[in-house]
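Asker: I am attaching a structure below and will ask some questions about it afterwards.
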Amino acid sequence: MSVIPFDDRDGFIWYDGRLVPWREAKLHVLNHGLHYASCVFEGERVYNGSVFHLEDHNERLLNSARILGFEVPASMDDLTKATQEVISSNKIVDGYIRPIAWRGAEQMGVSAQENKIHLALACWDWPAYFSPEARAKGIRMLWSRWARPAPHTAPVHAKASGLYMICTMAKHEAEAQGCDDALMLDWRGNLAEGTGANLFLAINGELHTPTPDCFLNGITRQRVIDLLRGEGVTVIEATLRYADFLAADEIFSTGNFAKVAPVIRIDDRQLTPGPFYARARKLYWDFAHAVKLAA
């Protein structure tokens, strides 16, 4: 299958207040965001020309920047307008949008208080994070040797680019061993998340999910919890350990890419998609469909 490079495409990117041709959306090699990871971003799915949970994503983008010590040069209304412009200019019906904000190249060094803050939004047609085969059969995961950092060592509640370095390494290692994703522990050795998705475990007729105290409380995660609880399903947020993993009857993940996906293997342990996954998936997509019809 041929791959279209992301730096060589037709279309437009919203860049610092205006639409520019895709290939002209460039930045300098001495950009602070590249060297020191002073960069935050979002990942948003586009359905029927509209972004699902757009307000939630925009709020998180602004908050992530504040956690890193800078302000995104746009209001909530500005972000909504820019999103609509970039979707329309690229004629996207179902796809993906990546807003990103970063410190520029005025100063080079750890401190860059006076650097200009840039904002860009790119949008393109993009299939699911996992292959159709992986989504149909379920996701195979591998325990990662990389752990999520402690809250006092990193800005763990920001969607910041620097936090994804270990996710890339963990996912590459998993793929090298024939898996789709990696399962990460936290710094204490408790269950945390996948490289880009939150986890749910069915144990003794209840759903359990790790408390997001050192990783993102995913927007899809929050929606799934609300929908399940609204249907009377017990969902418990708690510290989960390896023994809980062994006791789980089924495991599924939630995230902006795959949305709701069953986990069928972690290392050598085989798992079967079950009724909790099926219910969560149906509730989520029924909700998404209703939102699309109302848009």
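Asker: Using a probe of 1.4 angstrom, how much of the accessible area of the chain is carbon and sulfur, in percent?
Answerer: Carbon and sulfur atoms account for 53 percent of the accessible area of the chain.
Asker: Which distance in Å, rounded to a whole number, links the C-alpha centroids of segment 1-55 and segment 227-256?
Answerer: 34 Å
Asker: Determine the sum of side-chain charges near LEU121: Lys and Arg each +1, Asp and Glu each -1, restricted to other residues whose C-beta is under 12 angstrom from that of LEU121.
Answerer: Numbers: positive: ARG18, LYS81, ARG98; negative: ASP16, GLU42, GLU44, ASP78, GLU85.
Its environment carries a net charge of -2.
Asker: Taking θ = phi - 60°, what integer Hz values does the Karplus form 6.51 cos²θ - 1.76 cosθ + 1.60 yield along segment 41-53, in sequence order, with x for Gly and Pro?
Answerer: Computed from phi, the couplings for segment 41-53 are 7, 9, x, 10, 8, 9, 10, 6, x, 10, 8, 6, 6 Hz.
Asker: Which aspartates and glutamates does LYS81 reach when only Cα atoms under 20 Å apart count, and residues fewer than 8 places away in its own chain are ignored?
Answerer: ASP16, GLU42, GLU44, GLU55, ASP56, GLU59, GLU71, ASP94, ASP125
Asker: Sticking with this structure for a sec: What lysines does LYS282 reach when the alpha-carbon gap must be under 23 Å and sequence neighbours fewer than 8 apart in one chain are set aside?
Answerer: Counting by Cα, and skipping residues close in sequence, LYS282 has these lysines nearby: LYS137, LYS259, LYS292.
Asker: Where a Cα-Cα gap under 14 Å defines reach, which aspartates and glutamates qualify for LYS171, not counting those fewer than 8 residues away within the same chain?
Answerer: The qualifying aspartates and glutamates are ASP180, ASP181, GLU193, ASP267.
Asker: DSSP beta bridges in segment 193-295, what fraction antiparallel, as a percent rounded to 5?
Answerer: 80 percent
Asker: Now for a different question. Take the alpha carbon gyration tensor of the chain, find the square roots of its eigenvalues, order them as a ≥ b ≥ c, and report rounded if a/c is under 1.5; if not, report prolate when a/b exceeds b/c, else oblate.
Answerer: Verdict is prolate for the chain.
Asker: How much length, in nm to one decimal, is gained on full extension between TYR242 and ASP10, taken as 0.36 nm per residue of separation minus their Cα-Cα distance?
Answerer: In short, 78.8 nm is gained.
Asker: Assigning unit charges at the beta carbon (Lys, Arg +1; Asp, Glu -1) and nothing else, what dipole magnitude in debye, to the nearest 20, does the chain show about its Cα centre? Present the calculation step by step, with values, prior to reporting the outcome.
Answerer: Values: 31 positive and 36 negative charges, 47 e Å.
It comes to approximately 220 debye.
The values are calculated or read from the model by the stated rules, or taken from the named source; none is laboratory data. Predicted model, so just to flag it, every value in this text is computed and none were measured. Neighbour counts are summed over all protein chains in view; Cβ atoms, including those assigned to glycine, are modelled from backbone coordinates with ideal geometry. Please note that ligands, DNA and RNA were not included when accessible areas were found on the heavy atoms of the full protein model with its side chains. Shrake-Rupley method; radii C 1.70, N 1.55, O 1.52, S 1.80 Å.
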